[in-house]
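Bear in mind these aren't lab numbers, they're just calculated from the coordinates by the rules spelled out. Keep in mind it's a predicted model, so treat the numbers as computed, not measured. As a convention, Cβ positions derive from the backbone with ideal geometry for all residues, glycine included, and neighbour counts pool all protein chains shown.
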Amino acid sequence: MSILIDKNSRIVVQGITGRSGLFHTQQCRAYGTNIVAGVTPGKGGIHIDGIPVFNTVEEAVRYTKANVAMIFVPPPGAADAILEACDAGLDLAVCITEGIPVRDMVMARAVQQDSKTRLVGPNCPGVITPGQCKLGIMPGYIHKPGKVGVVSRSGTLTYEAVKQLSDIGLGQSTCVGIGGDPIIGMKFIDVLKLFNEDPNTDAVFMIGEIGGGAEEEAAHWIRENMKKPVAAFIAGVTAPQGKRMGHAGAIITGGKGKAEDKIRTLNDCGVTVATSPTRMGDAMQEALGAAGTSPAPTTAKPAAQKKKK
Amino acid sequence: MNIHEYQAKEILNGFGIPIPRSRVALTADQVERAAKEMGGHCVIKAQIYAGGRGKAGGVKIVHHPEQANDVAKELFGKKLVTIQTGPEGLKVRRILIEEAVEIAREFYVSITLDRESSRYCLIASAEGGVEIEEVARKSPEKIHMLTIDPFTGLRPYQARKIALALGLTGVVCEDCVELLLNLYKCCLERDCFLVEINPLVVTKAGWLLAMDAKMSFDDNAVYRHREYPDMVDYSQLDPLEITAGKYDLAYIKLTGSIGCMVNGAGLAMATLDVLKEFGGEPANFLDVGGGATREKVAEAFKIILEDSDVKAVFVNIFGGIMRCDVIAQGIIEAASEVKCTLPIVVRMDGSHVEEGKKLLKESGLNVQIGENLGDGAAKIVKMLGQGG
């Protein structure tokens, strides 16, 4: 078991004939992902690497019973691609595209919220259920099947965290990159809810960063509802105020969105917070140990809460 | 993307929002002439990419043209340090001269993106002319907020509720309704992240005027507005940040001596955090993008080395499906081209990582390999002799 996707998911790739769309389709397929269709308007009828390409998502669904979309459509058409996925009644759309204008996303998000389709992203690495289904641009080899759920606003920092988890023997049930944009589909809490109900997830690792208040909201939800141990890391403890650190969302303005406030709130709500990005795996280990559910081999390492020097 | 106050006001005026009579000047003589036109009594406003100008001496009232000239001479070329600029300040190169207005009341209005609801949000307060964060903290009941439905847009009745809540009545109230509707129209059509009028004033004669305005555009939507790139005042930006922007790299100059190159914003922030933890001081934030390419790595390397504060370079690339040997090749090429002799520590992860490490070791550069994030940070700090 897992959340969002598994080996039975039937994937349609929107924007499959683009350069990165095709490259990542091939990578995902090599991992074992069941990609059943592609969509590129105007190119319906061709096959690319043996995958049938359709003009619309609706057609793709009709002929291949696809139920999940992976979106690589470039920014000007990406919001439309999300709307089309919702209109076709898919269960899930994962939008990898980076750089979608906010105004377009306001509209797309409003429609998507009222549809039956869940949205992950945009501007995210995607979703992976190790050993079953990889939907996105993350490197498959760092993941191991297991029981830790991972949810993150970041891309490559998630890879760092996953590698640390895998290295100490903590495999993952599903890893969800929710994206770094100001407007995204699923938020921390939406993903935490699914992990909370998933019988094969024993614990959750959460990766946040400066800006906004999503981590604080998640912390309060965890205190009230979460039945499983949670560990976290927040990037940007040393980030200066008023400077946008890459992501559109990652900025401390008017004293809001500081890492230290997020860390304090998470700690107060019973989350084990890694004090350094070098000890994310250890923090998860510690949270599992404290909850008495430690299924993992114990490779003794310094406690995550203590400063190195 | 930010623009100056005078540019924001011109755009607002294009949407039918009234602004004071004004002129922009680049020299003290121009300022004096403009002041004469206004009848001598006017406001001199330094144009910089930051707020808090008033308290920093960037806004002055003058009473005759010669005085305007004196004030302008003092302001031009001066580095204004406000609460938003940081200690280095921003140089004044443009001045806005505005007619002095007799103000009866001051308000705050803005439209910005609310992440929680994923919608645009109208914010208004009868406490204008001061910092809105301050008002929000001290007396949150004085702030009126309205989330705008993207399908209906802002409706006149909603704008009227806000105008009434601000205490406006009669003709001015209806003027305010129209102004708010136009503000929303401007926000959408110009792809704004934020449009703010603070203060919005009612003059003693009973007219609404946007006395100060701030506008920032959604970087992702700049491609829809051909005029935007020409509106940027490059003198207000760090030259290295401008170069980085050309290559689609996110670069921010910091105060330390360790140049950093990382792929991905989250990992880049975490890398700065680790360096500090080990006692090092990062010289910059640089995100080469999640899928770092050889060309981008090479350009990023050159930008880092152009900063003379940099005494060592830390590269942290979690390539994933990017090939590490390709990344290594990019680093070697760039370093050789600029004849870099500084100590470099490279931490790489991804496919072909052993080939990548081998290339670096055989390159003849002053380079060490970090086995993981902590090891890399420790090595660079040690090579530089920083830390404890």
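GNM on chain B, alpha-carbon springs under 10 angstrom: the most fluctuating residue among B:Pro199, B:Pro239, B:Pro229 is B:Pro229.
Peptides B:206-212, B:35-41, ordered by how many other C-beta atoms sit within 10 Å of their residues on average, highest first, read B:206-212, B:35-41. Footprinting exposure proxy ranking of B:Asp114, A:Asp181, B:Asp233, fewest other C-beta atoms within 10 angstrom first, gives B:Asp233, B:Asp114, A:Asp181.
Under a point-charge model restricted to the Cβ atoms of Lys and Arg (+1) and Asp and Glu (-1), what is the dipole moment magnitude of chain B relative to its Cα centre, in debye to the nearest 20?
Numbers: 45 positive and 54 negative charges, 72 e Å.
With Lys and Arg at +1 and Asp and Glu at -1, about 340 debye.
With bins 5 Å wide beginning at 0, the percent of Cα pairs of segment A:1-140 falling in each bin runs 2, 12, 23, 26, 22, 12, 4, 0. Once you order the gyration tensor axes a ≥ b ≥ c over the Cα atoms, which shape class does segment B:21-100 get: rounded for a/c under 1.5, otherwise prolate or oblate by comparing a/b with b/c? Prolate, since a/c reaches 1.5 and a/b exceeds b/c. Inter-chain neighbour count for B:373-381: the average number of beta-carbon atoms from partner chains within 10 Å of each residue's beta-carbon is 2.
Counting Lys and Arg as +1 and Asp and Glu as -1 over every other residue whose Cβ lies under 15 Å from the Cβ of A:Pro130, the net charge comes to +1. Charge dipole (Cα centre; +1 on Lys/Arg Cβ, -1 on Asp/Glu Cβ; no other charges) of chain A amounts to roughly 780 debye.
Taking the square roots of 5 times each eigenvalue of the Cα gyration tensor of the protein assembly as shown, largest first, gives ellipsoid semi-axes of 45, 31, 24 Å.
The packing ranking of peptides B:361-370, B:172-181, highest mean first, is B:172-181, B:361-370, where packing means the average number of other beta carbon atoms within 10 angstrom of each residue. Between B:Val171, B:Leu240, B:Gln158, the Cα set farthest toward the positive side of the dipole of chain B (charges on each charged residue's Cβ, about the Cα centre) is that of B:Val171. Averaged over peptide A:95-107, the number of partner chain Cβ atoms lying within 10 Å of each residue's Cβ comes to 5.
With a ≥ b ≥ c the root eigenvalues of the C-alpha gyration tensor of chain A, is it rounded (a/c under 1.5), prolate (a/b larger than b/c) or oblate? Since a/c reaches 1.5 and a/b is larger than b/c, the shape of chain A is classed as prolate.
Think of segment B:126-275 as a dipole: +1 on every Lys or Arg Cβ, -1 on every Asp or Glu Cβ, centred on the Cα centre; then among B:Ala136, B:Leu267, B:Ser216, B:Ala136 lies furthest on the positive end.
Roughly how big is the protein assembly as shown's charge dipole about its Cα centre, with Cβ charges of +1 (Lys, Arg) and -1 (Asp, Glu), in debye to the nearest 20? Don't jump to the answer; show the numbers that get you there.
Numbers: 78 positive and 82 negative charges, 203 e Å.
For the protein assembly as shown, the charge dipole is close to 980 debye.
Across the alpha-carbon atoms of chain B, the computed radius of gyration and Dmax are 25.4, 80 angstrom. Exceedance of the 24 Å cut-off in Cα-Cα distance is limited, within the set A:Lys187/A:Lys262; B:Lys9/B:Lys45; A:Lys116/A:Lys163; B:Lys9/B:Lys36, to A:Lys116/A:Lys163.
For n ≥ 4 DSSP H runs only, could you compute -39500 (n - 2.57) per run for chain A, divide by its residues and tell me the 222 nm figure to the nearest 500? Intermediate values should be presented prior to the final figure.
Working: 9 runs with 102 residues, N = 309.
For chain A, the value works out to -10000 deg cm²/dmol.
For segment B:238-384, the calculated P(r) over all alpha carbon pairs, in 10 Å bins from 0 to the bin holding the longest distance, is 13, 49, 35, 2 percent. Shielding of peptide B:270-279 by partners, expressed as the average count of other chain Cβ atoms within 10 Å per residue Cβ, is 6.
Could you work out [θ]222 nm for chain B from helices alone, using -39500 (n - 2.57) per DSSP H run of at least four and dividing by all its residues? Round to the nearest 500 deg cm²/dmol. Kindly include the intermediate steps, with their values, before the conclusion.
Working: 13 runs with 141 residues, N = 388.
Mean residue ellipticity, 222 nm, calculated: -11000 deg cm²/dmol.
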